[in-house]
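A short worksheet on the structure shown next.
The numbers here are math on the coordinates, done by the rules we state, and not lab data. Because the structure is a prediction, the values reported are computed rather than measured. Note that we place each Cβ from the backbone using ideal geometry, even for glycine, and neighbour counts take in every protein chain shown.
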Amino acid sequence: MIVVTGATGNVGRALVERLLATGRPVRALTRDPQRAALPEAAEVVRFQQDDPAALFDGATALYLYAQATTPALLEAARAQGVRHVVLLSSAVIEEGADETHPIHIMHATAERQIRDSGLAWTFLRPGAFATNALSLAPQIRAGNTVRGVYADGLSAPIHEDDMAAVAERALLDGGHEGAVYRLTGPAAISNAEQVAAIGAALGRELTFVETDPREAGPELFPHVPPQMLQRLLQTFADTVGVAPEINDVVEKLTGTPARPFTQWARDHVEDFGGRA
């Protein structure tokens, strides 16, 4: 049995589907099982950390994301027989990084707690998620003009299913214990080019209009806590004109090259109001 936290998230859902396709039993943890809409073959369980031992009966491996990681959860998993944890961490953890950044603190804390738990572990450190572009969906559904910050900011966004594919290999194959994998998409693309790629997938011409970061607020970043917004904007500013890290770890571990953002856009046309 493999336990997947965040099973209704983009990466978690893709991982559940991949594991089920191999015939592995999967316990999918979610805070709202009634609305999970996960495959029938998955055992869907409410994620209640006040009784974590009930989550891991019969399980041997666990997929975690940083926000769900606690010492109590890890202790309960180990007590119930879990031996290996695969954590979706972040590429912000690297030598010379700003260790005061909230995103760094969150993921570094989760990694430290897992190291201290006595469980075998594998850390996945992806860079920019292609799914971050879903924040633009309301604007794109409403019209052909997209407001955003730093049109020339560069990243190498990674498809959620590529992250799930690496997590699948780490969970199912031997030899990944104690490994740290930095994951990227296959090519650099600017924020404005991402919008153009989404437009191409939809068969529309979208225009990116750069917004002064000093005027950016909840309308552009509705899910970002106010206390984190300025640090996040500085992170975006640091990407302007700076080539992102690009590697072939996805291909080395899965045998399939990482998918470009243009493919991600085609895979998500329905999310932007188009037809698949």
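The table for this structure:
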quantity: Under 14 Å, Cβ to Cβ, from residue 220 - net charge with Lys/Arg +1 and Asp/Glu -1; calculated: -2
quantity: FRET E, pair residue 109, residue 79, Förster distance 25 Å, beta-carbon r, rounded to 0.05; calculated: 0.70
quantity: Three-way shape call for segment 121-276 based on the alpha-carbon gyration tensor, with the a/c threshold at 1.5; calculated: prolate
quantity: Share antiparallel - DSSP beta bridges, the chain, percent rounded to 5; calculated: 10
quantity: Three-way shape call for segment 30-80 based on the alpha-carbon gyration tensor, with the a/c threshold at 1.5; calculated: prolate
quantity: Semi-axis lengths, Å, the chain, gyration tensor of Cα atoms, sqrt of 5 times eigenvalues; calculated: 32, 21, 18
quantity: Per-residue Cβ neighbour rank within 10 angstrom, fewest leading, 40, 177, 205; calculated: 40, 205, 177
quantity: Over segment 72-154, relative contact order from alpha-carbon pairs under 8 Å, at least 6 apart, %; calculated: 34
quantity: Whole-Hz couplings from phi, Karplus 6.51/-1.76/1.60, listed for segment 190-203; x for Gly and Pro; calculated: 7, 4, 5, 5, 4, 4, 4, 5, 5, x, 4, 5, 8, x
quantity: Square roots of five times the Cα gyration tensor eigenvalues for segment 202-268, Å; calculated: 29, 19, 13
quantity: Cα→Cβ-extended label distance, 7 Å offset, between residue 24 and residue 209, nm; calculated: 4.7
quantity: Rounded to the nearest 20 debye, dipole of segment 2-126 from Cβ charges on Lys, Arg, Asp, Glu; calculated: 360
quantity: Proximal charge balance of residue 67 [Cβ under 14 Å; K/R count +1, D/E count -1]; calculated: 0
quantity: Size descriptor, Kirkwood hydrodynamic radius, that averages inverse alpha-carbon separations across segment 2-126, Å; calculated: 14.8
quantity: Given charges at beta-carbon only (K, R positive; D, E negative), |dipole| of the chain in Debye; calculated: 500
quantity: Local electrostatic count, residue 131, Cβ distance below 10 Å [Lys/Arg +1, Asp/Glu -1]; calculated: -2
quantity: Residue 40 paired with residue 70, simple spin-label distance in nm, labels 7 Å along Cα-to-beta-carbon; calculated: 3.5
